[in-house]
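Scroll down for the structure; my scribbles are underneath it.
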Amino acid sequence: MAHPYSARSRAIEPFHVMALLARANELQAAGHDVIHLEIGEPDFTTAAPIVAAGQAALAAGHTRYTAARGLPALREAIAGFYGQRYGLQIDPERILVTPGGSGALLLASSLLVDPGKHWLLADPGYPCNRHFLRLVEGGAQLVPVGPEVNYQLTADLVERYWDKDSVGALVASPANPTGTVLGRDELASLSKATREHHGHLVVDEIYHGLTYGMDAPSVLEVDDSAFVLNSFSKYFGMTGWRLGWLVAPPNAVADLEKLAQNLYISAPSMAQHAALACFQPETLAIFEERRAEFARRRDYLLPALRELGFRIAVEPQGAFYLYADISAFGGDAFAFCQHFLETEHLAFTPGLDFGRHLAGHHVRFAYTQSLPRLEQAVERIARGLKSWQG
Ligand SMILES: Cc1ncc(COP(=O)(O)O)c(C=O)c1O
């Protein structure tokens with residue numbers, strides 16, 4: 001019998017880690033203490049000033065749709081943030097507030113990709129990117145990247161992989177799963193390479209703010225025509241509120257607004273009111289404390305994993321992930337993850353969730369747990385390696 005649902009939906013892979021997560025939940029329900037290093041969201045709850053602003057918004061009756069592009073006050077606050085953090089003057093008219101960075105990705109792929117056309121994407125990379133492209137009947141041209149290019153697309157790779165159906169390149173800085181950051185010069189050469197082909201450069205800056213010992217440059221510092229995806233999920237700690245934004249060139253805004261009206265009407269209104277509190281100095285101070293805590297965790301976990309034999313060839317400068325090569329231990333990454341879950345009650349993500357390139361030899365650890373928990377995790381890894389028969 002023919003499959004009852006669309007080819008489009010069949011082409012979208014589930015997160016492979018979900019099978020591990022379901023097993024982790026079973027183990028937990030049976031009373032085991034599972035350490036979760038598979039989770040791609042901050043362990044901190046939303047900062048108190050934002051929660052208070054959300055509660056006040058509800059009490060004041062801000063429960064209706066907003067304008068499709070978002071609350072003008074929030075778009076102005078985001079524009080002000082570009083001034084403060086990057087010294088950039090961004091016209092609030094170019095900013096659309098979206099339901100998560102995911103909403104921004106939906107808008108950008110719907111606007112820029114015709115059926116049969118594709119974007120170049122780094123492999124490994126965030127899996128949903130290629131699925132959004134599939135959803136608009138386009139596709140992803142996966143470009144294998146390794147430590148020699150900092151796990152990022154380069155202008156040379158764009159040259160090499162661009163073909164007649166390529167219409168753009170999407171990069172993330174800092175990247176998921178590798179945490180690597182693109183410098184200003186690299187962004188400028190990517191911009192030049194895509195513009196020479198009359199393509200679009202889309203930059204996912206969702207992990208901006210979560211960089212350690214440095215700040216990530218925005219592509220808007222070197223290319224005003226790039227599309228920028230951002231989010232309140234990670235640095236701002238608002239994953240469950242579903243709020244992000246897109247910065248687009250002025251001539252794209254009317255079409256994007258039309259798409260937003262049709263696809264989701266508006267981003268959540270209560271969340272938008274709450275997010276206004278993000279830009280107050282006392283809230284920013286909380287984010288900076290959390291960023292320092294993530295830096296401490298990275299500085300603990302990175303050398304500890306290397307010591308145990310995991311190969312992490314380039315130091316991740318941002319996000320909260322370590323992407324580790326497990327070749328030294330032999331065997332397949334998915335089985336490796338299963339082994340640690342079953343024997344040590346420790347969950348982390350197999351490389352398969354981030355693409356195909358050497359995926360069977362890699363796993364991702366998220367340091368979204370406290371330092372004492374990470375110390376326990378390292379003990380469990382050391383023990384579990386002894387019983388692993390790759
Ligand atoms: C690289 C990257 N882009 C986009 C997203 C989407 O996040 P959200 O929709 O919560 O902003 C994520 C979430 O993990 C991500 O890792």
Of 20-27, 382-389, 216-223, ordering from highest average Cβ density within 10 Å down gives 216-223, 20-27, 382-389
Given N residues in the stretch 1-88, what is its alpha carbon radius of gyration divided by 2.2 N^0.38 Å?
1.76
Other residues with Cβ under 13 Å from the Cβ of Pro115 give, with Lys and Arg +1 and Asp and Glu -1, a net charge of 0
Could you please state, rounded to a whole Å, how far the C-alpha centre of the stretch 34-112 is from the C-alpha centre of the stretch 168-245?
16
Nearest 20 debye, what's the magnitude of the dipole of the stretch 48-280 about its Cα centre given +1 on Lys and Arg Cβ and -1 on Asp and Glu Cβ?
740
Student exercise, the chain dipole from Lys, Arg, Asp, Glu Cβ charges, in Debye to nearest 20
620
GNM on the chain, C-alpha springs below 10 Å: top fluctuator among Phe279, Phe232, Phe320?
Phe279
Length gained if Glu282 through Asp156 is fully extended, taking 0.36 nm per residue and subtracting the Cα-Cα distance, is 41.0 nm
Taking every pair of Cα atoms in the chain, average 1/r, invert it to obtain the Kirkwood radius, and report Rg/Rh to two decimals.
0.96
How do the peptides 111-124, 300-313, 236-249 rank, highest first, by the average count of neighbouring beta carbon atoms within 10 Å per residue?
236-249, 111-124, 300-313
Charge dipole (the chain, unit charges on Cβ, about Cα centre) - positive-most of Ala22, Leu308, Ser231:
Ala22
Projected onto the charge dipole of the chain (unit charges on the beta-carbon of Lys, Arg, Asp and Glu, signs +1, +1, -1, -1), the Cα from Gly83, Trp388, Pro174 with the largest positive-side position is that of Trp388
By per-residue mean of other Cβ atoms within 10 Å, what is the highest-first order of 250-256, 66-72?
66-72, 250-256
Cα-based Rg and Dmax for the stretch 48-280, in Å, come out at 17.2, 56
Would you calculate the separation in nanometres between label points at Ala292 and Leu58, each defined as 7 Å from the Cα along the Cα-to-beta-carbon direction?
3.2
If you take every residue apart from Arg85 with its C-beta less than 13 Å away from the C-beta of Arg85, what net charge results, scoring Lys and Arg +1 and Asp and Glu -1?
-3
For Glu137, the residues 5 or more places away or on another chain with a placed amide H closer than 5 Å to its own amide H are none
If you take the beta carbon distance between Glu196 and Gln84 as r and set R0 to 22 Å, what does 1/(1 + (r/R0)^6) give as a FRET efficiency, to the nearest 0.05?
0.10
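Rule-based calculations on the coordinates, nothing more; no lab input. In this text the structure is predicted, and so the values were computed from the model without any measurement. Please note: Cβ atoms are built from the backbone with ideal geometry, for glycine as well, and neighbour counts cover all protein chains shown.
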